[in-house]
Amino acid sequence: MYRSRIYELDNDQKPIKKVNERNRFPEYVNVVNDEEYDLENDLLDIIYIHNPYDNTNLVTRGDSRYYSWNLKKYCGKLVYVPYYKWVDGVSSTLFKSAMYYADYTVQSSDDAVKRCIEASPEYANILGLETIVVRESMEKKLINLGSPEVDKVLSLSKDNVLMPDDWKGKVIKSRVNVVYNTTLDEIFESRTFDKVKETLAFFKENSEKAFVIWRPHPLMKQTLTSMLPNLTDEYDEIMNEFISGDYGVLDANPSMHYAMFWSDMYYGYKTSSMTELYKYTGKIILEDAPKLTKFVSKRSAENLLNELKESNVVSEPDCSPENIVDIIAVNDELKYGKHLDLENSGFKINNYMLEKLCQEDEK
């Protein structure tokens, strides 16, 4: 595989930093320097991409050589497989250029296919094309074949997700280890860090029974700098206080899977694909309401425990982090989740594309 250069942008969308992430891939992944790769002459059968934004991302951007409309010239099939997991009824259908220029956009639910097709008038307006043209294109390109992100979650084990060294002796089973995922969406919705500060204060005050694995979005600082500069100083203060404390660990790992595997429950915004993916661990999820602070849940422990045995997803204000932590602390079986056995989407996607190529060769 090749990895394109990524540029971080300032608030005028001008590149200010070039980022090379090739050394972050596992040894078994064969990564080629994109500056040396002979894209124009290699003539690949299939190119899979997960960055759909081309020149429209306001925070980071790849090299123009690898925009979807250019890649399409040099392969039999260009296939866009989202890096996120679609959340039915929640995820945004906002236009991403690769959805139109790729031969196929692989989605992970019928809801995703349906809603993106229904958004064709909006896409047509952006592209400057007739709605009927875009809709017919979307109907051919959009297909539900599942998500390789789910495949990965189902494969996690202590053998392939070793605990990070700086977590050892901290992330222990005598406490309830909570992965706290802070997303860009919730900060844009609330426009404050009040909820974040309240949440971290809870873990600081209850460090004997709970321990937080805090995972702010990897692009939080860059996004604040570019789009909400008035919040950058406050974010830095929160981050510095947290790092100097002893009630949690900062998860800055490129992969979310360490936090997913070694945690006992999840706390985060429902629009995040990590929230959706965590469901496949079978462990407990508490969905965060970003604007809701200083509330008290009226649910009884017995009533809530019965619900958690039936469903692993609950929401604020029906429940609070304190409610869920208290219940998991005395019900160890909830820490391990329920195993799911599902078809491998990666194989399904690749086999489908190979079959399409073979059908075209026979014509």
Practice task
Quickly run through region 40-94 and pick out the residues that are open to solvent by less than 40 Å² (accessible area, probe 1.4 Å), of a type in the set (A, V, I, L, M, F, W, C) and part of a loop (DSSP other than H, G, I, E, B).
Solution key: 59, 81, 86, 87
Exercise for the section: Of all residues in region 126-181, count the ones that are under 22 Å from residue 100 (Cβ atoms) and of a type in the set (Ser, Thr, Tyr). Expected result: 3
Exercise for the section: Filter region 257-273 down to residues that are open to solvent by 10 Å² or more (accessible area, probe 1.4 Å) and either at pLDDT 95 or above or part of a helix (DSSP H, G or I) (or both), then give me how many there are. Expected result: 5
Exercise for the section: Considering only region 145-200, state which residues are of a type outside the set (Gly, Ala, Ser), assigned to a loop (DSSP other than H, G, I, E, B) and open to solvent by 60 Å² or more (accessible area, probe 1.4 Å). Expected result: 158, 159, 160, 162, 168, 170, 172, 173, 191
Practice task
Report whether or not residue 32 is within 30 Å of residue 224 (Cβ to Cβ), among the hydrophobic types (A, V, I, L, M, F, W, C) and in contact (Cβ under 8 Å) with a residue 12 or more places away in the chain.
Solution key: no
Exercise for the section: Considering every residue within region 111-133, establish whether at least one is more than 23 Å from the chain's Cα centre (by Cα), of a type outside the set (Lys, Arg) and farther than 28 Å from residue 82 by Cα. Expected result: no
Handout entry: Which numbered condition residue 359 misses (of (1) modelled with pLDDT of 90 or more; (2) surrounded by fewer than 16 Cβ atoms within 10 Å (Cβ to Cβ); (3) of a type in the set (S, T, N, Q); (4) closer than 27 Å to residue 148 by Cβ)
Key = (1)
Problem - Tally of residues being open to solvent by less than 30 Å² (accessible area, probe 1.4 Å), farther than 22 Å from residue 188 by Cα and touching a Cys at 6+ places or on another chain (Cβ under 8 Å) across region 279-299 - result: 1
Exercise for the section: With respect to residue 348, determine if the residue is basic (Lys, Arg), at pLDDT 95 or above and either in contact with a Lys or Arg (Cβ under 8 Å, 6 or more places away or on another chain) or open to solvent by less than 60 Å² (accessible area, probe 1.4 Å) (or both). Expected result: no
Handout entry: The one condition in (1) touching a Gly at 6+ places or on another chain (Cβ under 8 Å); (2) within 17 Å of residue 80 (Cα to Cα) that residue 101 fails to fulfil
Key = (1)
Practice task
Would you mind stating whether residue 232 is touching a Ser or Thr at 6+ places or on another chain (Cβ under 9 Å), open to solvent by 10 Å² or more (accessible area, probe 1.4 Å) and assigned to a loop (DSSP other than H, G, I, E, B)?
Solution key: no
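For (1) free of Cβ contacts under 8 Å to residues at least 40 places away in the same chain; (2) outside any loop (DSSP other than H, G, I, E, B); (3) not aliphatic (A, V, I, L, M), each residue gets a yes or a no:
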position	(1), (2), (3)
291	no, no, yes
298	yes, no, yes
314	yes, yes, no
317	yes, no, yes
323	yes, yes, yes
327	yes, yes, no
339	no, no, yes
Fill in the blank from the handout: Result of the Cβ filter at 7 Å on region 239-259, keeping first residues that are more than 18 Å from residue 83 (Cα to Cα) and partners that are part of a loop (DSSP other than H, G, I, E, B) and among the small types (Gly, Ala, Ser), at least 6 apart or interchain, is 247/207
Practice task
Answer yes or no: is there a residue in region 113-135 that is surrounded by 13 or more Cβ atoms within 10 Å (Cβ to Cβ), touching a residue at least 60 places away in the same chain (Cβ under 8 Å) and not in a helix (DSSP H, G or I).
Solution key: no
Handout entry: Residues within region 257-278 that are small (Gly, Ala, Ser) and within 19 Å of residue 187 (Cα to Cα), tallied
Key = 3
Problem - Residues of region 82-98 classified as of a type in the set (A, V, I, L, M) and touching a Pro at 6+ places or on another chain (Cβ under 8 Å), total - result: 1
Exercise for the section: Any chance you could count how many residues in region 238-256 are in a helix (DSSP H, G or I) and open to solvent by 20 Å² or more (accessible area, probe 1.4 Å)? Expected result: 5
Practice task
Just need a number here: residues in region 78-101 that are in contact with a Lys or Arg (Cβ under 7 Å, 6 or more places away or on another chain) and modelled with pLDDT of 95 or more.
Solution key: 1
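The values are calculated or read from the model by the stated rules, or taken from the named source; none is laboratory data. Fair warning: this is a prediction, and the values are worked out from it, not measured in the lab. We place every Cβ from the backbone using ideal geometry, glycine too, and count neighbours over all the protein chains shown. Quick note on the areas: whole protein, heavy atoms, side chains included, nothing else; ligands and nucleic acids left out. Shrake-Rupley method; radii C 1.70, N 1.55, O 1.52, S 1.80 Å.
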